[in-house]
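Accompanying notes for the structure given below.
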Amino acid sequence: MKDFIFSLNATMPVFLLMALGFIFNKIGAIDENFANKLNNFVFKISLPILLFRDLSVSNFIEVWDGKFVLFCFLATFFSIIIMMISSKLLKDKDIRGEFIQGGFRSSAALLGSVYIQNIYGKSGAVSLMIIGAVPLYNITSVIVLMLMKPGNNQKLDKTRIVKTLKGIMKNPIILGILVGILWSLFRIPQPFIMKKTIASMAGLASPLGLLALGASFNLKEVFLQIKPTLAASTFKLVIFVAIFLPVAITLGFRADKLIAALVMLGGASTVTSYTMAKSEGHHGAVSAGVVMFTTIMSVFTLTGWIYLLKIFNLI
């Protein structure tokens, strides 16, 4: 019972904040425009500050784990390959790009920091996971959605790929990590006023991000392409965790690194996957459905995975 309560303590605050966001949207306290602005604020300001805070006050040389970063990269890479192969089973070629992206891409930065902070009070391992997985998420998503755009027979646009790479280099989350690393390496002190202000801004990331996520729910979207939505969601929540988490355990990862790997493999698909799909000319129904379904169900699946890790004393 104690292990089950531990698991609920890690996941239920996430669920309740998302549920509150959904309720606030229904009563008109948070509309779609405000939710989008909240998301924008969290990903451009608050979340990068959170990751900067945790890295800047730590000894990065001691925190760095190249084996873990490589694991995150390879697990993501092979997840993409599996989704590409699986997409060949879909009769409707126009939804293959959305199906692939929905199956491998997680809201890793936000949810990873939330879960690890709930359990350990810090988010250092999330930065290493982001370095290994998130750039690959972004690059692959653009390539897949561009090449598999409905009615598209064009070859890969190199100009677009270069633009994407530049975008990754300017990504606020990546920049927050890089500045935090440099701050740690050069051991730059932080006055009390600065530290307190950073802590206040960082504290906004989790609650605002989860409220915005809940407020973005549109349950009707889940049923527009129900079969591919359920298939992609099963890969996202269950199959990749079952394949790669035992590998992470075998490699010796424990505690916050194991939670970071779990969220990377089995966390909810990111809201930006829907935005990217629409911007590339896709219908967006599969992307929206996967985001909604995985966001709701991940609370329960992650509770189960965390419970298993806890009873085996791995976290």
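Data for the structure
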quantity	calculated
Qualifying residues in segment 263-278 (those that are buried (at least 24 other Cβ atoms within 10 Å of the Cβ) and in a helix (DSSP H, G or I)) - the one modelled with the lowest pLDDT	Tyr274
Candidates Ile45, Ile119, Ile49, Ile61 - the one that is out of contact with any Lys or Arg (no Cβ under 9 Å at 6 or more places or on another chain) and either of a type outside the set (A, V, I, L, M) or within 24 Å of Pro246 (Cβ to Cβ) (or both)	Ile119
Residue within segment 232-241 that is out of contact with any Ser or Thr (no Cβ under 8 Å at 6 or more places or on another chain), among the charged types (D, E, K, R) and in a helix (DSSP H, G or I) present	no
Which numbered condition Phe4 misses (of (1) touching a Phe, Trp or Tyr at 6+ places or on another chain (Cβ under 9 Å); (2) surrounded by fewer than 21 Cβ atoms within 10 Å (Cβ to Cβ); (3) not in a helix (DSSP H, G or I))	(3)
Set Ala248, Ala232: member being surrounded by 22 or more Cβ atoms within 10 Å (Cβ to Cβ) and over 13 Å from Trp305 (Cβ atoms)	Ala232
Matching residues in segment 280-314 - criterion: being modelled with pLDDT under 85 and over 20 Å from the mean Cα position of the chain (by Cα)	Glu280, Gly281, His282, His283
Sole residue being at negative phi, modelled with pLDDT of 80 or more and outside any helix (DSSP H, G or I), chosen from Ser141, Ser106	Ser106
Residues of segment 201-226 satisfying the condition of being over 19 Å from Gly112 (Cα atoms) and either in a helix (DSSP H, G or I) or free of Cβ contacts under 8 Å to residues at least 24 places away in the same chain (or both)	Ala215, Leu219, Lys220, Glu221, Val222, Phe223, Ile226
Pairs where the first residue, in segment 175-198, is over 16 Å from Leu128 (Cβ atoms) and the second is at pLDDT below 85 and among the charged types (D, E, K, R), C-beta under 8 Å, 6+ apart	Ile198/Arg53
Residue selected from segment 279-306 under the condition of a type in the set (Gly, Ala, Ser) and assigned to a helix (DSSP H, G or I), by the criterion surrounded by the fewest Cβ atoms within 10 Å (Cβ to Cβ)	Ser279
Qualifying residue in segment 242-256 (condition: on the phi > 0 side of the Ramachandran plot, among the aliphatic types (A, V, I, L, M), at pLDDT below 95 and in a helix (DSSP H, G or I))	yes
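The values are calculated or read from the model by the stated rules, or taken from the named source; none is laboratory data. Keep in mind that what you see is a predicted model, and the values were worked out from it rather than measured. Don't worry about glycine lacking a Cβ; one is built from the backbone with ideal geometry, like all the others, and counts go over all protein chains shown.
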